[in-house]
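Working notes, structure below.
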Amino acid sequence: MTGKSEMLLSILKLQPVVPVLIVDDAKSAVELARALVAGGLKAIEITMRTPAALDAVKAVAAEVEGANVGAGTILNARDFDAAVKAGSTFIVSPGSTPGVLDAARASDVPLLPGAATASEVMKLREDGYEVMKFFPAEQAGGAAYLKALSSPLAGTLFCPTGGVSLSNAMDYLSLPNVVCVGGSWVAPKDLVAIGGWAGITKLASEAFALRK
Ligand code: 3PG
């Protein structure tokens, strides 16, 4: 396993669930990250889907003790580099384009690239990746689909994301080829909007208690 894969795995193994966040402002992202870390979820993915996302990564990296902040929804090399510059310790992409893979090759920060088919997984294996995001997990075929990949594509580890929740997370976490799952359910929009940080810490604690 390469150094970067090991670095990525050590982050993903901090917890069974990586929160996937869509943030509207950097200040509430800091409060949200503190609430998640208090519940045990230290590795946090902030998606680059809002104008505030980069500032949120910077603020969480600088201000939230214990947080390991990554950037998600990275779609091109420019976003990859900006997310690294902001302080991301890992990068997540829903897929794997040559541009994103080139940026990853040139960076010390590990990439969790997305894959949803056997061919996509095989291509990423050829590029040296052993850990991937299975996306969109539920919509692509769910835990049964991922289980079917585990024997022919043995040696590849996944973080399934997309449609994962407290009720189906264990279906994935019980598979031998799953290292953790990703999901937004630990940071519901309505709780974030009212600053319901205690409720979010409770959701994070429940997620942290899920065990492989
Ligand atoms: C996303 O696309 O936003 C992430 O994969 C999270 O998906 P989820 O909201 O279904 O957890």
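The values are calculated or read from the model by the stated rules, or taken from the named source; none is laboratory data. Small disclaimer: the values here were computed from a predicted structure and weren't measured. As a convention, Cβ positions derive from the backbone with ideal geometry for all residues, glycine included, and neighbour counts pool all protein chains shown. In case anyone asks, the SASA skips ligands and DNA or RNA and just uses the protein heavy atoms, side chains included. Shrake-Rupley method; radii C 1.70, N 1.55, O 1.52, S 1.80 Å.
Applying the Karplus relation 6.51 cos²θ - 1.76 cosθ + 1.60 with θ = phi - 60° to region 50-61 yields 3J(HN,Hα) values of 10, x, 7, 4, 5, 5, 5, 4, 4, 5, 5, 4 Hz, where x marks Gly and Pro.
Restricting the calculation to alpha carbons of region 3-202 gives Rg and Dmax of 15.7, 47 angstrom.
Each residue of region 81-89 is assigned a 3J(HN,Hα), and the resulting list reads 5, 5, 5, 5, 4, 6, x, 5, 9 Hz, derived from the Karplus form 6.51 cos²θ - 1.76 cosθ + 1.60 (θ = phi - 60°), x at Gly and Pro.
Amide hydrogen proximity for Val92: with H placed 1.01 Å from N in the peptide plane, the residues at 5 or more positions away or on another chain lying under 5 Å are Ala71, Gly72, Thr73, Ile74, Leu112.
Note down the relative contact order for the chain as a percent, whole number, built from C-alpha pairs under 8 angstrom at least six residues apart.
23 percent
In order along region 103-119, the Karplus-derived 3J(HN,Hα) couplings, from 6.51 cos²θ - 1.76 cosθ + 1.60 at θ = phi - 60°, round to 4, 5, 4, 7, 10, 8, 8, x, 10, 9, x, x, 8, 9, 9, 4, 5 Hz, and Gly and Pro are given as x. Note on Lys85: aspartates and glutamates with a C-alpha under 17 Å away, same-chain residues under 8 apart excluded, are Glu45, Asp55, Glu63, Asp102, Asp108. For the chain, a crude dipole built from +1 on the beta carbon of Lys and Arg and -1 on the beta carbon of Asp and Glu, taken about the Cα centre, is about 280 debye to the nearest 20. Amide H contacts of Val18 (H built 1.01 Å from N, in plane; Pro and chain starts excluded): Val181, Gly182, Gly183 sit under 5 Å, all sequence-distant by 5 or more or on other chains.
Report the residue, chosen from Met48, Met122, Met132, that carries the largest GNM mean-square fluctuation when the chain is represented by alpha-carbon nodes joined by springs under 10 Å. Highest fluctuation of the listed residues: Met122. Highest mobility in the GNM of the chain, judged by mean-square fluctuation with C-alpha springs under 10 Å and restricted to Thr161, Thr201, Thr97, is found for Thr97. Based on protein heavy atoms only, the chain ends up with 43 Å² per residue of surface accessible to a 1.4 Å probe.
Here the relative contact order of region 141-191, from alpha carbon pairs under 8 Å that lie six or more residues apart, stands at 38 percent.
Atom-type composition of the exposed protein surface of the chain places 57 percent of the accessible area on carbon and sulfur (1.4 angstrom probe).
Amide H contacts under 5 Å for Leu157: Val131, Met132, restricted to partners 5 or more places along the chain or on a different chain, H placed in the peptide plane at 1.01 Å from N.
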